1. How many lysine pairs does chain B hold where the Cα atoms are under 23 Å apart and the two sit 8 or more places apart or on different chains?
2. Select from the stretch B:1-83 those GluC sites (Glu not before Pro) which occupy a DSSP coil region and have at most 13 other Cβ atoms within 10 Å, ordered by residue number.
3. Within 10 Å of each Cβ of B:99-106, how many other protein chain Cβ atoms are there on average?
4. Roughly speaking, to the nearest percent, how much of the protein assembly as shown's 1.4 Å accessible area is carbon and sulfur?
5. Go through B:Tyr101, B:Tyr48, A:Tyr25 and list them by solvent-accessible area, largest first, probe radius 1.4 Å.
6. Can you give me the relative contact order of chain A as a percent, contacts being Cα pairs under 8 Å and 6 or more apart?
7. Counting only C-alpha contacts under 8 Å and six or more residues apart, can you give the relative contact order of the stretch B:6-49 as a whole percent?
8. Given an 8 Å cut-off on Cα distances and at least 6 residues of separation, report the relative contact order of the stretch B:36-114 as a percent.
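The values are calculated or read from the model by the stated rules, or taken from the named source; none is laboratory data. Since the model is a prediction, treat every value here as computed from it, not as a measurement. Cβ: placed from backbone, ideal geometry, glycine included. Neighbour counts: every protein chain shown. Side chains included, ligands, DNA and RNA excluded: accessible areas come from the protein's heavy atoms. Shrake-Rupley method; radii C 1.70, N 1.55, O 1.52, S 1.80 Å.
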Amino acid sequence: KNQVEQSPQSLIILEGKNCTLQCNYTVSPFSNLRWYKQDTGRGPVSLTIMTFSENTKSNGRYTATLDADTKQSSLHITASQLSDSASYICVVSASGGSYIPTFGRGTSLIVHP
Amino acid sequence: DGGITQSPKYLFRKEGQNVTLSCEQNLNHDAMYWYRQDPGQGLRLIYYSQIVNDFQKGDIAEGYSVSREKKESFPLTVTSAQKNPTAFYLCASSIGHPNTYEQYFGPGTRLTVT
């Protein structure tokens with residue numbers, strides 16, 4: 001069964017600090033992995049997408065890494081801002097087989113001033 | 001502006017009533033989806049449609065119904081048969097296969113049934 005596990009479930013950091021969110025998956029065969037940001041009461045918005053051959057991808061202060069061998073991804077946020085407070089969702093897609101991507105439960109990040 | 005719209009943002013209904021949630025997109029996307037989100041849980045797929053006049057059940061379709069008469073529209077009806085309808089409902093669309101193409105999400109509708 002395809003599964004996506006995210007950790008930690010929630011995280012509180014001070015403004016300006018860095019943090020790293022983790023995503024482990026068992027989706028196979030792997031096609032791509034996306035990180036979404038979801039503000040409270042809003043729809044998710046894509047931050048990055050990574051394919052099998054990509055190890056690192058950045059989007060401003062967000063940097064995603066992918067280790068396809070260990071089936072792990074991380075999302076690193078640098079110099080956090082109050083606006084980074086949101087839920088971050090890892091979504092993994094398989095090639096062939098299941099039509100629909102597998103969603104993680106998300107990590108809730110709170111950035112305090 | 002291109003995008004996905006959902007209306008209303010907040011919806012309140014009495015138990016036993018059917019209610020229809022609206023989802024419209026002007027992105028010219030072929031595929032559309034409905035997800036349900038509960039606190040502390042990941043998004044769960046209710047229904048999806050790959051083309052007009054065709055749709056398939058997702059993981060939690062019981063108590064829900066959909067139609068896809070137009071490419072732009074994919075309304076979701078929450079029937080009285082849905083035992084726990086109170087949730088945040090998200091509509092999404094993609095230009096093609098979601099394992100290849102990004103899903104774009106609407107702003108969501110929060111449904112409260114009392």
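1. Close lysine pairs found across chain B: 7.
2. Details: sites: B:Glu15, B:Glu24, B:Glu62, B:Glu69, B:Glu72; in loops: B:Glu15, B:Glu62, B:Glu69, B:Glu72.
Listed in order of number, the matching sites are B:Glu15, B:Glu62, B:Glu69.
3. Per-residue shielding by partner chains comes out at 6.
4. Accessible surface attributable to carbon and sulfur in the protein assembly as shown totals 48 percent.
5. So, going from the largest accessible area down, we get B:Tyr101, B:Tyr48, A:Tyr25.
6. Working: 287 pairs, mean separation 42.5, N = 113.
Here the relative contact order equals 38 percent.
7. Relative contact order of the stretch B:6-49: 29 percent.
8. Numbers: 125 pairs, mean separation 17.7, N = 79.
Relative contact order of the stretch B:36-114: 22 percent.
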